1. So for T70, T98, what's the accessible-area order with a 1.4 Å probe, most first?
2. Per residue of the chain, what 222 nm ellipticity follows from adding -39500 (n - 2.57) for every DSSP H run with n ≥ 4, rounded to the nearest 500?
3. So which lysines can K169 reach, going by Cα to Cα under 22 Å and dropping same-chain residues fewer than 8 places off?
4. Using a 1.4 angstrom probe, figure out how much accessible area the stretch 229-357 has per residue, in square angstrom, rounded to the nearest whole.
5. Over the chain, calculate the relative contact order: mean separation of alpha carbon pairs under 8 Å at least 6 apart, over the residue count, as a percent.
6. Output the peptides 195-201, 126-132 sorted from most to least packed, where packing is the average of other Cβ atoms within 10 Å over each peptide's residues.
7. Ignoring ligands, DNA and RNA, what percent of the accessible area of the stretch 1-151 is carbon or sulfur (1.4 Å)?
8. Once the whole set of protein chains is in place, how much accessible area is left on E15, using a 1.4 Å probe, in Å² to the nearest 10?
Amino acid sequence: MIYLDYQATTPLAPEAREAMLRWLADDGFANPHSPHRPGRAAAAAVELAREQVAGLLPPGGRVIFTSGATEALNLAILGCGAKRLAVSAIEHAAVLDTARFADPDCAVLSVGSDGLVAADVAIPEGTGLVAVMQVNNEIGTVQPVEALADAARAAGALFLCDAVQGAGKLAPPKNADMIAISAHKLHGPKGIGALWVRDGLELAPLIHGGGQEQGLRSGTLSPALCAGFGAAAALCTSLRESDGQHVESLWELARALFADWTLSGSAEQRWHGNLNIRREGLDVARLMSDCRTVAFSAGSACASGSGRPSHVLRALGLSDREAKTAIRIGFGRYTRAGDLERAAAAIHAAVGAQGAL
């Protein structure tokens, strides 16, 4: 199987797996909230991981471990107490659905045909929270989040950034008020994420109980998950330059292999590990069935199988019919050039068989 779905999840780094094993062994099972020696050792592992994850985020804030980015985003949106919200049209469902729950009349910030929110977009008067993602999960466009954070602050609003697809790859928005990230999108384990909260910003907890995680997220932490997250984050820090160079070379190859397909969104203002392309007349469901040796997607894994056209592609101005002819190919650290070449050959053969060449 050739794995090309890095936006859905990334392969677990061997270093992250190794870091987790220590806390899955017979002598590493202690509760990190217990005061005895094994508990204190587990707590120390958690705090080391917190420091490693903080290395991906701006100074002047604190890291709150959560079960993933969805919980982190819920904590940010619901915990900040904002009554009026503004979110971009291409946010992940974890932001869109939560924002609409918190504010049924939340403002939607449009994007252009390039998939970008304008840096000078108008923020409605009275907005208390603006949420714009750093890198879109479906089309890979990189938003001007620092300019948007400045605009939010000028409007008297907080700024939340979903940095799930950018963390460990791009510099974080240094002027955001809250940033959500997820371990499994940067070669860490599933089941853990984090919310970075700027110093001085107070949130109300969603989960009540024992008061863990600085009173914001009650529940027993998993030292193994924290350790894996921390190791993956540290690896991203040390390998950021080489990972970026590798992705750039893969991007150039992928663009050449699919040169006659139409790219969705800006070719320049995007993370080049995300290739969202479409072809007129393509039956994507059939293509995915025919290409059983290649793992790619038709969009967000969270919306897979819904049958609904992508809200992201529709926000770019595509029709429902056009949106349903797009596929997403994602690659990164562990992808080899030969993987892309074999995958492209399989996809082209399947496309040719259905007459969409």
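1. Highest to lowest solvent-accessible surface, that is T70, T98.
2. -11000 deg cm²/dmol
3. Cross-link targets: K185, K190.
4. 45 Å²
5. Values: 726 pairs, mean separation 87.5, N = 357.
Answer for the chain is 25 percent.
6. 126-132, 195-201
7. Working: 3600 of 6460 Å².
In the stretch 1-151, the share of accessible area belonging to carbon and sulfur is 56 percent.
8. 90 Å²
The values are calculated or read from the model by the stated rules, or taken from the named source; none is laboratory data. This is a predicted model, so every value here is computed, not measured. FYI the Cβ positions are ideal-geometry reconstructions off the backbone, even for glycines, and counts take in every protein chain you see. We work out accessible area using only protein heavy atoms, side chains counted, and drop any ligands, DNA or RNA first. Shrake-Rupley method; radii C 1.70, N 1.55, O 1.52, S 1.80 Å.
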